[in-house]
Amino acid sequence: MTIERDADAAATEDRDRDLFFELGSLRHVDRTWRHFGGFPFANVAEHSFRVAWLSWVIAVREGADPSRAVLMALVHDTPETRTGDVNYLSRMYTDRHEQLAFDDQFAGTSVHSDAAALWVEYGQRQTLEARIVKDADTLDCDFELREATSSGCNLEDRLSSTRQAAFAKLHTESARRMFMSLANSDPHSWHVNGRNRHTHGDWRG
């Protein structure tokens, strides 16, 4: 089947398609937490997914625009398809040229102007939504460290001073409350204590 397209529309549609393939490759970009002990920390796509959800919830709690926050969260790490991720150690020695990566990534796509505006807004941290997304980006690290602790990793303890420094930089009260709640939290409580076959079902001896 052939679909007739004018040249400009065809070029944009082709760039959109390429962008979707590129964004799919975020599944294969490891976050460099793996450097510290080899634990199977989330890839960039998985990280961005929870950052988007954290941004939504914090935006609701803070009276911000959830839709804008979620869109910004989806954009915040996309250049890492081209630059890779860096951790707090490798950042000391790496220049990733993220702006160039972003510009090349979105050039010619249907969402170029909107994505560029979100990217700039996130980087400037002048709006509540931008500060919320940065808080969500920070918090996802602490959620993952808590999960790793339950699997026998001691990195959460070893990084306690850096995480306290991260806490001091949180912008919103909702994020600070969430950070503090993690200290005594159980990553397995959602399924162990929730509705399951044992607590509400037909578990019999």
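The values are calculated or read from the model by the stated rules, or taken from the named source; none is laboratory data. Predicted model, so just to flag it, every value in this text is computed and none were measured. Cβ atoms come from the backbone with ideal geometry, glycine included; neighbour counts cover every protein chain shown. Just so you know, the surface numbers come from the protein's heavy atoms only, side chains and all, with ligands and any DNA or RNA stripped out. Shrake-Rupley method; radii C 1.70, N 1.55, O 1.52, S 1.80 Å.
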List every residue pair whose Cβ atoms lie under 7 Å apart, where the two residues are 6 or more positions apart in sequence or sit on different chains, the first residue falls within region 134-162 and is over 29 Å from residue 119 (Cα atoms), and the second residue, located anywhere, is open to solvent by 20 Å² or more (accessible area, probe 1.4 Å) and among the basic types (Lys, Arg).
156/146
When every residue in region 91-106 that is among the hydrophobic types (A, V, I, L, M, F, W, C) and open to solvent by less than 40 Å² (accessible area, probe 1.4 Å) is compared, the one nearest to residue 13 (Cα to Cα) is 106
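Table: residues versus (1) among the charged types (D, E, K, R); (2) in contact with a Leu (Cβ under 6 Å, 6 or more places away or on another chain).
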site: 151; (1), (2): no, no
site: 167; (1), (2): no, no
site: 176; (1), (2): yes, yes
site: 181; (1), (2): no, no
site: 193; (1), (2): no, no
site: 197; (1), (2): yes, no
Hits in region 47-67 (condition: open to solvent by 60 Å² or more (accessible area, probe 1.4 Å) and farther than 19 Å from residue 177 by Cβ)
49, 65, 67
How many residues of region 161-190 are open to solvent by 60 Å² or more (accessible area, probe 1.4 Å) and in a helix (DSSP H, G or I)? The answer is 9
What residue, of 86, 44, 70, 29, is surrounded by 14 or more Cβ atoms within 10 Å (Cβ to Cβ) and touching a Leu at 6+ places or on another chain (Cβ under 9 Å)?
44
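One line per residue, one yes/no per condition, for (1) under 21 Å from residue 83 (Cβ atoms); (2) within 21 Å of the chain's Cα centre (by Cα); (3) β-branched (Val, Ile, Thr):
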residue	(1), (2), (3)
110	no, no, no
131	no, yes, no
137	yes, yes, no
143	no, yes, no
147	no, yes, no
152	no, no, no
167	no, yes, no
173	no, yes, no
182	no, yes, no
For the structure I just gave you, tell me whether residue 196 is among the polar types (S, T, N, Q), modelled with pLDDT under 95 and closer than 28 Å to residue 35 by Cα.
no
Residues that are over 20 Å from residue 172 (Cβ atoms) and among the polar types (S, T, N, Q): find the helices (runs of 4 or more DSSP H) completely inside region 22-138 holding 1 or more of those.
80-83, 98-106, 112-124
